[in-house]
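**Q** Below you will find the structure I want to go over with you.
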Amino acid sequence: MAMSTHPVRSREAFFGRHKGKTLSPNQQALISERLPEVAVDLSQKAPGELTCLFDAQVRDVRLEIGFGGGEHLHLEAGRNPSTGFIGVEPFVNSMAKMLVALEEDPRPNLRLYADDATFLLDWLPDASLAGIDLFYPDPWPKKRHFKRRFVNVRNLDRFARVLKPGGHFRFASDIDTYVDWTLDHIADHAAFDAPAGTPEAWAQPYDGWPGTRYEAKALREGREPVYLSFVRRP
């Protein structure tokens, strides 16, 4: 849902399926009843301090775009209770899995958004995020579909606006062409530093990385993930 003061626009960055297998009755109930309670409401004006969005007392806020099964986001929110997290996932089945996890193990420092991440990015205040995570986004491997990749000039501009100076944009992928694409786009953008370290170091997961089901599949099929981190320049 776009903020009411913005012109209405169709989804800009989500091109995949919105829904897969039929949800269980419990999942359907959670989507109907629990999701509105934890969702970020873009019809309201963004608060001056994003920390006000959370039931827990938090010092800063991080965003994960396309959290999939939610393994990383749920773990990180539990491991960092003084940080607020916003998770974006338009795929209904993945959102339902996260809501089930939250019923079993609540996270008062976690809020969710179930639509195109660009709507949320345009709603957020300037310099309001300590970090943005984009892990294993759809690579859109065919050249004619490259324009659908989430990493593009428009979205890097959005990241630059909402990240605090010194904040991190983290990107992980097992698709070489998308890794190269991202490195090239970062090199052409004035707001971000190139990733530190060597390509060998980029093959090492982030500290405390729990892995994901998609990542496990990639490794089984012989694709080596790359873990990049870009710093927002002052």
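The values are calculated or read from the model by the stated rules, or taken from the named source; none is laboratory data. Because the structure is predicted, anything quoted here is derived from the model rather than measured. When we count neighbours, we look across all protein chains shown, and the Cβ atoms used for this are built from the backbone with ideal geometry, even at glycine. SASA here: full protein model, heavy atoms, side chains in, ligands and nucleic acids out. Shrake-Rupley method; radii C 1.70, N 1.55, O 1.52, S 1.80 Å.
**Q** What share of the DSSP beta bridges in region 132-234 is antiparallel, in percent to the nearest 5? The partial results should precede the final answer.
**A** Details: 7 of 11 bridges.
Bridges in region 132-234 are about 65 percent antiparallel.
**Q** Sticking with this one: Have a look at the DSSP beta bridges in the chain and tell me what percent are antiparallel, nearest 5.
**A** Values: 7 of 28 bridges.
Roughly 25 percent of the DSSP beta bridges within the chain come out antiparallel.
**Q** Another question about this same structure. Where does the charge balance sit around residue 67 when Lys and Arg score +1, Asp and Glu -1, over other residues with C-beta under 9 Å from its C-beta? All intermediate terms of the calculation are to be shown ahead of the outcome.
**A** Working: positive: none; negative: 64, 71, 89, 133.
Combined, the nearby Lys, Arg, Asp and Glu give -4.
**Q** Moving on. Could you order peptides 45-56, 77-88 by the average number of other Cβ atoms within 10 Å of their residues, highest first?
**A** Numbers: 45-56: 14.2, 77-88: 19.9.
Per-residue mean Cβ counts within 10 Å order the peptides as 77-88, 45-56.
**Q** May I pose another question? For a quick protection proxy, order the peptides 188-197, 223-232 by their average other-Cβ count within 10 Å, most packed first.
**A** Working: 188-197: 13.6, 223-232: 18.7.
Packing proxy ranking, top to bottom: 223-232, 188-197.
**Q** Please compute the per residue accessible area over region 89-234 with all protein chains in place, 1.4 Å probe, rounded to a whole number of Å².
**A** Normalised by residue count, the accessible surface of region 89-234 is 46 Å².
**Q** Another question about this same structure. Rounded to the nearest 500 deg cm²/dmol, what is the calculated helix-only ellipticity per residue at 222 nm for the chain, with -39500 (n - 2.57) per DSSP H run of length n ≥ 4?
**A** Numbers: 9 runs with 72 residues, N = 234.
Result for the chain: -8000 deg cm²/dmol, rounded to the nearest 500.
**Q** If you don't mind, there's one more thing I want to ask. Return a whole-number percent for the relative contact order of the chain, with Cα pairs under 8 Å and 6 or more residues apart as the contact set. All intermediate terms of the calculation are to be shown ahead of the outcome.
**A** Values: 402 pairs, mean separation 46.1, N = 234.
Result for the chain is 20 percent.
**Q** Roughly how many percent of the accessible protein surface of region 89-159 is carbon and sulfur, given a 1.4 Å probe and a whole-percent answer?
**A** 53
**Q** What lysines does residue 97 reach when the alpha-carbon gap must be under 25 Å and sequence neighbours fewer than 8 apart in one chain are set aside?
**A** 19, 21, 217
**Q** Another question, if that's okay. By the gyration tensor of its Cα atoms, with a ≥ b ≥ c the square roots of the eigenvalues, what is the shape of region 95-234: rounded for a/c under 1.5, prolate for a/b over b/c, or oblate? Intermediate results must be reported in sequence, preceding the final value.
**A** Details: a/c = 1.40, a/b = 1.05, b/c = 1.33.
Because its axes are fairly even, with a/c under 1.5, region 95-234 counts as rounded.
**Q** Could you grab the relative contact order for region 135-234? Cα pairs under 8 Å, six or more apart, rounded to a whole percent.
**A** On the way: 116 pairs, mean separation 39.3, N = 100.
Relative CO of region 135-234 lands at 39 percent.
**Q** List the residues whose amide H sits under 5 Å from the amide H of residue 84, counting only those 5 or more places along or on another chain, with H placed 1.01 Å from N in the peptide plane.
**A** 59, 60, 61, 62
**Q** Starting with the highest mean, order 200-206, 101-107 by the number of other Cβ atoms within 10 Å, averaged over the residues of each peptide.
**A** The packing order, highest mean first, is 101-107, 200-206.
**Q** To continue, here is another question. Cα convex hull of the chain: how many Å³ per residue? Numbers along the way, then the final one.
**A** Numbers: hull volume 31.7 nm³, N = 234.
Given the Cα convex hull of the chain, per-residue volume reads 135 Å³.
**Q** Can you list the HN-Hα couplings for region 146-153, worked out from phi with the Karplus curve (6.51, -1.76, 1.60; θ = phi - 60°), rounded to whole Hz and with x for Gly and Pro?
**A** 4, 5, 7, 4, 5, 6, 8, 4
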